[in-house]
1. Using the structure shown, decide if Ala237 is within 30 Å of Lys46 (Cβ to Cβ) and touching a residue at least 12 places away in the same chain (Cβ under 8 Å).
2. Only helices (runs of 4 or more DSSP H) wholly contained in the stretch 325-435 count here; list those with 2 or more residues that are within 30 Å of Phe246 (Cβ to Cβ) and at pLDDT 95 or above.
3. In the list Ile44, Ile77, which residue meets the criterion of being out of contact with any strand residue (DSSP E or B) (no Cβ under 6 Å at 6 or more places or on another chain), closer than 18 Å to Leu448 by Cβ and touching a residue at least 24 places away in the same chain (Cβ under 8 Å)?
4. Determine which single condition Asp116 fails, assuming it passes every other condition in (1) at pLDDT 95 or above; (2) within 30 Å of Val230 (Cβ to Cβ); (3) surrounded by 15 or more Cβ atoms within 10 Å (Cβ to Cβ); (4) of a type in the set (Asp, Glu).
5. With the condition kept exactly as written, say whether any residue in the stretch 224-231 is surrounded by fewer than 19 Cβ atoms within 10 Å (Cβ to Cβ) and either closer than 29 Å to Ile77 by Cα or touching a Cys at 6+ places or on another chain (Cβ under 9 Å) (or both).
6. For the stretch 263-305, which positions are outside any strand (DSSP E or B), polar (S, T, N, Q) and touching a strand residue (DSSP E or B) at 6+ places or on another chain (Cβ under 9 Å)?
7. Of the conditions (1) under 29 Å from the mean Cα position of the chain (by Cα); (2) on the phi < 0 side of the Ramachandran plot, Phe188 satisfies every one except a single condition; which number is it?
8. Pull out all pairs, ordered by first then second residue, where Cβ-Cβ is under 7 Å, the residues are six or more apart or on different chains, the first lies in the stretch 310-331 and is touching a residue at least 12 places away in the same chain (Cβ under 8 Å) and on the phi > 0 side of the Ramachandran plot, and the second is surrounded by fewer than 17 Cβ atoms within 10 Å (Cβ to Cβ) and of a type in the set (Ser, Thr, Tyr).
Amino acid sequence: MTNYREEIATIENQINSQNNWQAIDAESVARMRLQNQFKTGLDIAKYTAAIMRKDMDAYDKDSSKYTQSLGCWHGFIGQQKMISIKKHFENTDRRYLYLSGWMVAALRSEFGPLPDQSMHEKTSVASLIEELYTFLRQADARELGGLFRELDAAKEAGDQVKEAEVQSKIDGYVTHVVPIIADIDAGFGNAEATYLMAKQMIEAGACCIQIENQVSDEKQCGHQDGKVTVPHADFLAKINAVRYAFMELGIDDGVIVARTDSLGAGLTKQIAVTKEPGDLGDQYNSFLDCDEVSESELGNGDVVIKQNGKLVRPKRLPSNLFQFKKGTGEARCILDSITSLQNGADLIWIETEKPHIGQIGGMIDEIKKVVPNAKLVYNNSPSFNWTLNFRQQVFDAMAEAGKDVSSYDRDRLMSEEYDNTELAKTADEKIRTFQADAAKDAGIFHHLITLPTYHTAALSTDNLAKEYFGDQGMLGYVAGVQRKEIRQGIACVKHQNMAGSDMGDDHKGYFAGEAALKAGGKDNTMNQFANIA
């Protein structure tokens, strides 16, 4: 940030150069400028792209420097997350936001809740990016406003030590604005549609766009059945479209995450174009489930291709989709990832059906043989039953090591009766260290949880409803919510302040001086929350 005193001096010169600006206070202008350091979404995209690139370089040198994010479906949720991070960790280093297409579909569509199938309005994605950054910028303005009031109080008290301490905090201020990894699904149409939507997302502030290799009009959630992929040429055209959008808007270091859903996708809508054996189209087609046929065996409307000098008929479903050979998912993921990284993508995302470091690490090892600095973004998904998956992994490891597992039922390991067992404690420790272990052993640069705030909102609302509408009555809210907010120092316990009331009072003072009618007087009930230890 600009040095506070230097900014005031600069503005004083501007005011003095005009004959009729004498009512404007230079320090007030300086405060407003510092509270609004990002003027446009492109300012944010440039700032945050540089952060991501720096973090990627740091991870290449030290895998313990991985990054994390949580999915947010509203500006307030993202704001509160970053306020909490700053409160507990004093900085926002390596901590981002994730914008989930699933949550946009489920929570932000004008149609109401929708499945994750790209049916929601495409403009709602950019709108959420803009909303998230509006709330993060407001968090900056609110926190700085508090520091300015502390500075005024120190000046009034003649406390020069405190004044210097607060001014140091202002000059070294850490913004709440961090990178957002934004989900563009499968691009919402053809490459031109992808380009136009990417531009809108970047203009809203996105420095990183994640795109997947599914067919746009057949798009499914990565953890549901029925996924259909596109040939590599189609996907690479959309990666190019996103890169062109970044470069047109001057975000030359914008980040593209190429996601492959091939592990769980057994279908393709198209047979790839191939010109010679071994080219990319031929490699894609080599995974098709085919039967060798002779010309005399062909039926009406059959589709045939030539592979390795033989005529083969890809198996076609009544849906007019073609299926891949069983067991080829990992090989297709590896080819997808290598191809994307060699053709414009910066990071890869492999959507898996379970959180298993061995599985992920095996694929990244193969990818790194071709692209040594390959890095993954990984979905620590709520679609996984983490408890059951890791307890089963530990069970299998114990059995393989010859340990007695007769007291456990592998299919019932989720049961509460196992919570205090050696197996459960070992599994919980593996869950605790999963991100650090996967960053080290599976090349994962960024760990995210797509839908955490969706689930926390449901859980906390359920607990409040049970208590408030039950026999606890108002105590259900006071003991379960407000008392915890106060004692844990949750900023929004002062909800008027959080909504901008104090900032509004500051501005009224700037604009109208002593004539300003302010909301923060002695009768404001928010004063009941002042100076609470």
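The values are calculated or read from the model by the stated rules, or taken from the named source; none is laboratory data. Fair warning: this is a prediction, and the values are worked out from it, not measured in the lab. Positions of Cβ are generated from backbone atoms using ideal geometry, with glycine treated the same way; all protein chains shown enter the neighbour counts.
1. Answer is yes for this residue.
2. Qualifying helices (runs of 4 or more DSSP H): 329-342, 357-368.
3. After ruling out the rest, the residue left standing is Ile77.
4. (1)
5. yes
6. Going residue by residue through the stretch 263-305, those that are outside any strand (DSSP E or B) are 263-266, 269-287, 289, 293-304.
Still in the list and also polar (S, T, N, Q): 270, 274, 283, 285-286, 294, 296, 300.
Of everything in the stretch 263-305, those that are outside any strand (DSSP E or B), polar (S, T, N, Q) and touching a strand residue (DSSP E or B) at 6+ places or on another chain (Cβ under 9 Å) turn out to be Gln270, Thr274, Asn285, Ser286, Ser294.
7. It is condition (2) that Phe188 fails.
8. From residues that are touching a residue at least 12 places away in the same chain (Cβ under 8 Å) and on the phi > 0 side of the Ramachandran plot, there are no pairs.
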